[in-house]
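Q: Supplied in structure tokens, the structure appears directly below.
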Amino acid sequence: MNIHSLQIRFSELLMQFFRYMSSFGFDLMKQIIVFAGVPTFISSFLLTFPARPLDTSTIIVEAGFSWDSHLVPVAGILLFSILSIILTLQISTIHSQYCLKYEEIPSRELITQYLLETMPRSFGACMLLCIAISIGLILCILPGIYIMSAGVLLFPLIHDTDISIFSGLQLSVTYIRHHALKPLAFMLLISFITSIPSTALGFLTEIPIPVLDSFMPRIIFMLNALISILTLGMISVFGVILHKELLKGTDFAIPIAPIK
């Protein structure tokens with residue numbers, strides 16, 4: 001099969017995505033919150049450091065802060081942010097690959113097993129992808145966007161096969177060549193949709209709640225961080241669907257086997 005000449009309509013990919021979300025989306029959101037929610041909340045809490053509760057300058061807006069006094073929170077922000085992103089990508093990939101193949105929800109045991117098995121490869125893939133996107137954006141915006149679109153295929157590829165993360169990135173860049181606009185269009189669409197609840201949360205700061213009034217900005221920031229990882233999870237699901245359609249019938253579409 002000639003992957004490069006394969007015709008895949010964006011509308012068909014969207015329909016598959018909505019069918020998946022209607023059947024398995026609630027369980028996917030629950031699993032993301034269970035596994036990636038804690039590091040997400042920790043990183044977003046540290047991002048508002050040293051606000052007590054938010055009556056002083058936070059690390060987000062404080063310019064020229066001293067590394068001596070902020071090294072620990074900055075390290076914590078980076079660590080827990082990366083962990084939440086990797087866990088979200090892993091769970092979304094494992095969950096959607098399994099559901100699309102077997103038409104059933106994977107067990108917590110299966111998800112935990114594959115999280116542990118694929119964590120080193122997922123961490124390496126995430127770092128490699130971030131570096132590649134950064135280099136692409138620095139050299140020229142378009143290569144960075146192209147690599148970003150190719151990135152939606154990277155995790156399904158390295159989870160499905162025994163190829164290296166470098167080969168996976170190379171393959172994803174090759175396979176996305178004639179379909180780069182599809183992930184980009186989906187990212188814009190899903191980001192617009194999820195911006196609606198994020199905007200609605202902003203209006204909560206205008207509601208006087210005596211007990212939570214001073215803490216409300218921090219709470220809203222943490223909830224928005226949760227919406228962000230759920231958005232990332234849905235982008236990852238779209239990547240799995242595109243991966244399945246692009247590589248249908250090839251050696252790079254080996255499904256996740258159930259635990260026996």
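The values are calculated or read from the model by the stated rules, or taken from the named source; none is laboratory data. Since this is a predicted model, take the numbers as computed values, not measurements. Here the Cβ is made from the backbone with ideal geometry for all residues, glycine too, and neighbour counts use every protein chain on show.
Q: Just checking, which of LEU78, LEU89, LEU116, LEU100 is assigned to a helix (DSSP H, G or I) and more than 18 Å from the chain's Cα centre (by Cα)? Steps first, answer last, please.
A: Details: LEU78 fails: more than 18 Å from the chain's Cα centre (by Cα); LEU89 fails: more than 18 Å from the chain's Cα centre (by Cα); LEU116 fails: more than 18 Å from the chain's Cα centre (by Cα).
Result of the check over LEU78, LEU89, LEU116, LEU100: LEU100.
Q: Which numbered condition in (1) out of contact with any Ser or Thr (no Cβ under 9 Å at 6 or more places or on another chain); (2) of a type outside the set (Ser, Thr, Tyr); (3) outside any helix (DSSP H, G or I) is the only one that ILE138 fails?
A: (3)
Q: So if I check each of SER84, SER22, which one is loosely packed, with under 13 Cβ neighbours inside 10 Å and at pLDDT 70 or above? Spell out the reasoning first.
A: Working: SER84 fails: loosely packed, with under 13 Cβ neighbours inside 10 Å.
Criteria check complete, one pass: SER22.
Residues are listed down the side, and each one gets a yes or a no for (1) on the phi < 0 side of the Ramachandran plot; (2) in a loop (DSSP other than H, G, I, E, B); (3) modelled with pLDDT of 95 or more:
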{"residue": "ALA200", "(1), (2), (3)": "yes, no, no"}
{"residue": "LEU204", "(1), (2), (3)": "yes, no, no"}
{"residue": "ILE209", "(1), (2), (3)": "yes, yes, no"}
{"residue": "ASP213", "(1), (2), (3)": "yes, yes, no"}
{"residue": "PRO217", "(1), (2), (3)": "yes, no, no"}
{"residue": "PHE221", "(1), (2), (3)": "yes, no, no"}
{"residue": "LEU226", "(1), (2), (3)": "yes, no, no"}
{"residue": "THR231", "(1), (2), (3)": "yes, no, yes"}
{"residue": "VAL237", "(1), (2), (3)": "yes, no, yes"}
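Q: Another question, if that's okay. Does SER11 qualify as being loosely packed, with under 13 Cβ neighbours inside 10 Å, at negative phi, in a helix (DSSP H, G or I) and at pLDDT below 95? Can you show your working first?
A: Working: loosely packed, with under 13 Cβ neighbours inside 10 Å: yes; at negative phi: yes; in a helix (DSSP H, G or I): yes; at pLDDT below 95: yes.
It is true that SER11 is loosely packed, with under 13 Cβ neighbours inside 10 Å, at negative phi, in a helix (DSSP H, G or I) and at pLDDT below 95.
Q: What number of residues in the range 150-176 are over 18 Å from the mean Cα position of the chain (by Cα) and at pLDDT 85 or above? Step through it out loud before you land on a result.
A: First pass over the range 150-176, keeping only residues over 18 Å from the mean Cα position of the chain (by Cα): 161-164, 166-167, 170-171, 173-176.
Still in the running and at pLDDT 85 or above: 166-167, 170-171, 173-176.
Of the residues in the range 150-176, 8 are over 18 Å from the mean Cα position of the chain (by Cα) and at pLDDT 85 or above.
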